[in-house]
Amino acid sequence: MGPGLLLLFIVGDILGTGVYALTGNIAGEIGGAAWAPILIAFVVATITAFSYLELVTKYPGASGAALYTHKAFGIHFMTFLVTFAVLCSGLTSAATASSAVASNFAKGFHLDLSPFGITVVAMVFLGVLALINLRGVSESVKLNVVLTCIELTGLLIVILVGFWAASQGNADFSQTVVFETSEDKGIFMALTAVTSLAFFSFVG
């Protein structure tokens with residue numbers, strides 16, 4: 001795959017599950033200060049990445065967290081629990097991302113789909129991706145490059161529109177420090193919950 005394609009794969013994953021799928025949810029929970037949980041999640045994700053970087057040089061292998069847990073404790077049951085948790089994380093990540101794609105697909109084409117209909121579209125989407133992966137890694141990587149370039153282009157357009165609106169005096173920067181949470185949640189609880197959501201966007 002190579003470092004360049006791997007970087008595009010990760011960037012596409014972060015943009016797809018983070019910027020496009022979760023930013024609205026984060027803003028809906030915390031208000032204009034949506035940058036705060038994203039920044040905290042970024043710091044936590046960076047620490048996690050450096051931890052993995054240190055461990056993978058000491059214990060090179062494909063097992064990841066399961067290998068590191070086994071090296072640290074040597075308890076097979078704990079290693080199994082970590083392996084199972086990582087497996088569940090992958091499944092829930094794929095399910096969440098495909099559900100977001102299905103929901104946006106329905107909104108984009110003005111389809112009034114039931115929750116079952118959203119699930120069907122998500123499963124079809126996952127099936128198409130599975131067929132592409134079964135076809136070969138090369139095809140999967142090439143498709144990822146195309147989709148990531150589309151995501152980056154869309155993000156660039158949004159940024160340019162934002163700068164244009166700000167230059168015209170249509171931006172209210174005071175909203176960036178406003179915390180708006182539901183009545184049953186304090187700022188701390190809302191920030192903690194939304195930070196967990198933002199962290200998911202960084203790990204895909």
Response to the item:
From DSSP H assignment alone, runs of 4+ in the chain each adding -39500 (n - 2.57), the sum over residues rounded to the nearest 500 puts [θ] at 222 nm at -26000 deg cm²/dmol
Item to complete: At 0.36 nm per residue, minus the direct Cα-Cα distance, what do ALA165 and THR119 gain on full extension? Give it in nm, one decimal, please.
Response: 12.8 nm
Worksheet, complete the sentence: Per the rule of 0.36 nm per residue minus the C-alpha distance, extending ALA95 to SER138 adds in nm 13.1 nm
Worksheet item: What ³J(HN,Hα) values, in whole Hz, does the Karplus curve 6.51 cos²θ - 1.76 cosθ + 1.60 give for region 153-158 when θ = phi - 60°, with x put for Gly and Pro?
Response: 5, x, 5, 4, 4, 4
Response to the item:
Two pseudo-spin positions, 7 Å from Cα along C-beta at THR57 and at ASP172, lie apart in nanometres by 4.9 nm
Item to complete: Express in whole angstrom the spacing between the alpha-carbon centres of region 6-43 and region 94-147.
Response: 20 Å
Item to complete: Please state, to two decimals, what the Cα-based radius of gyration of region 2-203 comes to when divided by 2.2 N^0.38 Å (N = residues).
Response: 1.18
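Rule-based calculations on the coordinates, nothing more; no lab input. As the structure is a prediction and not an experimental result, all values here were calculated from the model. Please note: Cβ atoms are built from the backbone with ideal geometry, for glycine as well, and neighbour counts cover all protein chains shown.
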